Amino acid sequence: MVKYLDVTSTTFPMESSILRGSVLGRLLFSIYIADLPTSTEITIATFADDTALLASHAVTSHGTAKCNYILSSHLTQDPVFGFWSWTFALSKLVEFGDTAFIVLRKQPLIFLHWYHHVTVLLYTWFSYAEATGNGKWFGLVNSFVHAWMYSYYALKAMRFNIPKWVAMFVTTLQLSQMVVGCILTASAYYYVHSAQVECHVTPLNIKLAMLMYLSYFILFARFFQQAYLSNKHIKKIGKKD
């Protein structure tokens with residue numbers, strides 16, 4: 001543990017160790033030093049096989065909490081959550097499968113589709129590497145919406161005759177996800193910058209998340225209007241009838 005004045009950090013039990021200054025120590029240091037989460041509020045000073053975490057804050061306990069977070073994030077403290085976070089990050093690669101089907105069937109690949117998949121993949125992996133505190137909420141909402149969305153796609157692929165309102169419902173869920181994402185991101189910004197509460201999210205992550213969700217909302221709203229409310233779509237339905 002680390003003690004500074006009257007503040008003591010949480011304890012981290014060590015089941016095994018190596019001798020200070022050993023050859024193996026330097027090797028393990030070189031391998032695992034890259035696993036320390038990065039933060040704009042923490043300076044990581046390294047020399048040989050020694051590491052120092054430097055943090056400053058008007059409130060001493062807050063500075064200590066920042067160092068504790070770097071040493072033991074929620075991903076390492078909670079193995080179950082860490083596993084599902086890792087699985088969620090990998091799932092963003094699997095989701096490119098529907099893009100492959102579209103290309104193989106020689107169907108039009110709209111901008112919304114590939115932009116959404118590429119940026120979600122990049123942001124998810126970026127957040128996972130930073131062990132972003134509010135990432136669990138983003139993953140929960142995204143997984144819930146995708147469960148409905150891919151179930152709808154599966155029924156469509158099996159050539160079930162699905163009513164139009166189901167497609168509208170799925171797109172509405174996607175729009176709702178973007179609204180919730182913006183609210184969560186704005187809340188993180190408030191806690192970090194206004195309430196001065198350690199929220200385990202970097203300013204860069206907040207900016208990227210807000211930009212991403214706002215762009216998604218605009219693109220999905222445009223898709224909803226063109227797919228279900230435009231005159232072209234109404235005329236197309238009229239011809240089929």
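The values are calculated or read from the model by the stated rules, or taken from the named source; none is laboratory data. From a predicted model like this one, the values you see are computed outputs, not experimental measurements. FYI the Cβ positions are ideal-geometry reconstructions off the backbone, even for glycines, and counts take in every protein chain you see. To get the accessible areas, we keep the full protein, side chains included, count just its heavy atoms, and leave off ligands, DNA and RNA. Shrake-Rupley method; radii C 1.70, N 1.55, O 1.52, S 1.80 Å.
Brief remarks follow.
- Test: residue in the stretch 138-158 that is closer than 21 Å to Val94 by Cα and assigned to a loop (DSSP other than H, G, I, E, B): yes
- With respect to the conditions (1) within 21 Å of Trp84 (Cα to Cα); (2) hydroxyl-bearing (Ser, Thr, Tyr); (3) touching a Cys at 6+ places or on another chain (Cβ under 9 Å), Tyr191 lacks only one, and its number is (1).
- Checklist (1) surrounded by fewer than 17 Cβ atoms within 10 Å (Cβ to Cβ); (2) assigned to a loop (DSSP other than H, G, I, E, B) applied to Ile183, failing item: (2)
- The set of residues in the stretch 165-178 that are without any contact (Cβ under 8 Å) to a residue 60 or more places away in the chain and either open to solvent by 20 Å² or more (accessible area, probe 1.4 Å) or assigned to a loop (DSSP other than H, G, I, E, B) (or both) comprises Trp165, Val166, Phe169, Thr172, Leu173, Leu175, Ser176.
- Residue count, the stretch 105-164 (criterion: among the aliphatic types (A, V, I, L, M), out of contact with any Lys or Arg (no Cβ under 9 Å at 6 or more places or on another chain) and open to solvent by less than 90 Å² (accessible area, probe 1.4 Å)): 12
- Matching option when the condition is out of contact with any Leu (no Cβ under 6 Å at 6 or more places or on another chain), loosely packed, with under 14 Cβ neighbours inside 10 Å and in a helix (DSSP H, G or I), among Leu204, Leu214: Leu204
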